[in-house]
Amino acid sequence: MNNVHTNLRWAVLLVICTLVTLIVLKADKTWAAESDLATEISRLTDAVNRLAELQKERVATSDQNEKIQRLSLAIAYLDYRSKRIEALEREMSSNRNTQERLEDFSRQISRRESALEEDLRNNPQMSQQEALQMRKELEDQKKLITDRIARIDGKLIQLDNEIINLKSQLAPTERYVQSNLEF
């Protein structure tokens, strides 16, 4: 921008110097020559005005191009981050589905434990050793599932926090794009 103003100042200075030189050289000419000089000065003034207008248009176009580039970058950033958020949301959904299946499986194990207890009461012939072994297997399975559900809960919380963080980072960029887009 400073470079543009400097160039414009030099152009105006050059025109002024040229005019002063023309005035001094033509000062001793007759009245008709002075009329030609006035015409030349008028033409030069028009040319300088047109040059200044063109320079303003070029600066405005340059500013507009810069604005378009910033908007393009902001939109690309929004697109990239939105895709990342969508991927995290899909991962959350997958983890929720896994968690639900594990909870169903945990309920099945609880039902098996209840059925085992019922069998032990109804079938005294089952050996204690065999019953203890079956209980232990069911308890171990249930503990593994409970631990996995807890890890998934932690992962869901982490993903949710990450999504919230990414969305909050997008808010200023979204406001910038909305305020600068011309519909």
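Here are the numbers for this structure:
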{"item": "Matching residues, the stretch 28-60, being part of a helix (DSSP H, G or I), at pLDDT below 60 and either of a type outside the set (A, V, I, L, M) or in contact with a strand residue (DSSP E or B) (Cβ under 7 Å, 6 or more places away or on another chain) (or both)", "result": "Trp31, Glu34"}
{"item": "Of residues in the stretch 140-183 being free of Cβ contacts under 8 Å to residues at least 24 places away in the same chain and either among the aromatic types (Phe, Trp, Tyr) or closer than 30 Å to Ala115 by Cβ (or both), the one surrounded by the fewest Cβ atoms within 10 Å (Cβ to Cβ)", "result": "Phe183"}
{"item": "Residues of the stretch 118-129 classified as surrounded by 11 or more Cβ atoms within 10 Å (Cβ to Cβ) and among the charged types (D, E, K, R), total", "result": "1"}
{"item": "Residue satisfying condition, being in a helix (DSSP H, G or I) and more than 30 Å from Ala74 (Cβ to Cβ), within set Asp160, Asp104", "result": "Asp104"}
{"item": "Close pairs (9 angstrom Cβ cut-off, 6 or more residues apart or separate chains): more than 26 Å from Glu139 (Cα to Cα) in the stretch 90-105, of a type in the set (Asp, Glu) anywhere", "result": "Met92/Asp160"}
{"item": "Hits in the stretch 76-98 - residues which are hydrophobic (A, V, I, L, M, F, W, C) and closer than 13 Å to Glu162 by Cα", "result": "Ile85, Ala87, Leu88, Met92"}
{"item": "Check on Leu73, part of a helix (DSSP H, G or I), within 27 Å of Gln178 (Cα to Cα), in contact (Cβ under 8 Å) with a residue 60 or more places away in the chain and among the hydrophobic types (A, V, I, L, M, F, W, C)", "result": "no"}
{"item": "Within the stretch 97-148, considering residues that are in contact with a helix residue (DSSP H, G or I) (Cβ under 6 Å, 6 or more places away or on another chain) and small (Gly, Ala, Ser), the one modelled with the highest pLDDT", "result": "Ser106"}
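The values are calculated or read from the model by the stated rules, or taken from the named source; none is laboratory data. What you see is a predicted model; the values in this text were computed from it and never measured. Note: ideal-geometry Cβ built from the backbone for every residue, glycine included; neighbour counts use all protein chains shown.
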